[in-house]
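This report concerns only the one structure given below.
The values are calculated or read from the model by the stated rules, or taken from the named source; none is laboratory data. This one's a predicted model, so the numbers in the text were calculated from it and none came from an experiment. Don't worry about glycine lacking a Cβ; one is built from the backbone with ideal geometry, like all the others, and counts go over all protein chains shown. With ligands, DNA and RNA removed, areas are computed over all heavy atoms of the protein, side chains included. Shrake-Rupley method; radii C 1.70, N 1.55, O 1.52, S 1.80 Å.
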Amino acid sequence: GAGVSQSPSNKVTEKGKDVELRCDPISGHTALYWYRQSLGQGLEFLIYFQGNSAPDKSGLPSDRFSAERTGGSVSTLTIQRTQQEDSAVYLCASSGQGPSYEQYFGPGTRLTVT
Amino acid sequence: GENVEQHPSTLSVQEGDSAVIKCTYSDSASNYFPWYKQELGKRPQLIIDIRSNVGEKKDQRIAVTLNKTAKHFSLHITETQPEDSAVYFCAPALSGTYKYIFGTGTRLKVLA
């Protein structure tokens, strides 16, 4: 079946603008994750959803970052008043069997803040 | 919170040799230990995982060993090939939660 998809694949925005990144998980997957990966770096955990609920938001870098998930499916990550340090690849992953199971990653959104 | 370290950060081996990457974690409640491979420009993909009730798991040329007492687990790749060149991440998972903390990554280069 279809894998995890993300849109847009690339986004260039001016400093101070807001951006919305979208993630479509694998159908039926209850857990959804957002990560950030700067060039040549590891994966920084941002937030996860179990269903529509986000029990732990401590990974979000600042209050400019927010995320929501509706209908237990699509999720959006919103960054307000973007800064140059927000430039990175934002990866979404989903998992269908609960905690401690394989995560399936999307192709990512490359965000560039100029 | 969970502290995850990987060693080495970079590793170069000759084709056909073995490679070993170690992941050390701090939370003794961790019970799931996966390894992900990320090729250049690609998304991470699971290559092997192990649970806390098993000490070793093997899948063809790759294996993972777990030492829960010492709180580390290792990825072993034998008979390395150029296509094994990638960044490898460990991601021990905390028992009962969905939160994963990825290691800093190990860049493996297999020299032909």
Given (1) at pLDDT 95 or above; (2) more than 19 Å from B:GLY105 (Cα to Cα), index of the condition B:ALA29 fails:
(1)
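Yes/no per residue for (1) surrounded by 17 or more Cβ atoms within 10 Å (Cβ to Cβ); (2) farther than 16 Å from A:THR112 by Cβ; (3) more than 11 Å from every other protein chain (Cβ to nearest Cβ); (4) of a type in the set (Ser, Thr, Tyr):
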position: A:GLN6; (1), (2), (3), (4): yes, no, no, no
position: A:LYS17; (1), (2), (3), (4): no, no, yes, no
position: A:GLN41; (1), (2), (3), (4): no, no, no, no
position: A:TYR48; (1), (2), (3), (4): yes, yes, no, yes
position: A:ASN52; (1), (2), (3), (4): no, yes, yes, no
Can you tell me which residue is farthest from A:SER9 (Cα to Cα) among those in the range A:61-106 that are buried (at least 18 other Cβ atoms within 10 Å of the Cβ) and free of Cβ contacts under 8 Å to residues at least 40 places away in the same chain?
A:SER100
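Taking the range A:22-52, which residues are of a type in the set (Ser, Thr, Tyr) and at pLDDT below 90?
Our first condition is that a residue be of a type in the set (Ser, Thr, Tyr); within the range A:22-52, this holds for A:27, A:30, A:33, A:35, A:38, A:48.
Matches in the range A:22-52: A:THR30 only.
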If B:LYS68 passes every condition in (1) within 17 Å of B:ASN3 (Cβ to Cβ); (2) more than 10 Å from the chain's Cα centre (by Cα); (3) open to solvent by less than 60 Å² (accessible area, probe 1.4 Å) but one, which one does it miss?
(3)
Taking the criterion of being away from chain A (no Cβ under 14 Å) and without any contact (Cβ under 8 Å) to a residue 24 or more places away in the chain, would at least one residue in the range B:100-108 satisfy it?
no
Return a yes/no flag: does the range A:62-83 have any residue that is at pLDDT 95 or above and on the phi > 0 side of the Ramachandran plot.
yes
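Yes or no, residue by residue, for (1) closer than 23 Å to B:LEU40 by Cα; (2) free of Cβ contacts under 8 Å to residues at least 60 places away in the same chain:
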residue: A:LYS15; (1), (2): no, no
residue: A:GLU20; (1), (2): no, yes
residue: A:CYS23; (1), (2): yes, no
residue: A:GLN41; (1), (2): yes, yes
residue: A:GLU44; (1), (2): yes, yes
residue: A:GLN50; (1), (2): no, yes
residue: A:ALA54; (1), (2): no, yes
Could you list all residues from the range B:74-93 that are open to solvent by less than 40 Å² (accessible area, probe 1.4 Å), part of a strand (DSSP E or B) and more than 8 Å from every other protein chain (Cβ to nearest Cβ)?
B:SER74, B:LEU75, B:ILE77, B:ALA86, B:VAL87, B:TYR88, B:CYS90
Please determine, by comparing only the residues of the range A:19-38 that are farther than 16 Å from A:GLN83 by Cα and open to solvent by 90 Å² or more (accessible area, probe 1.4 Å), which one is farthest from the chain's Cα centre (by Cα).
A:SER27
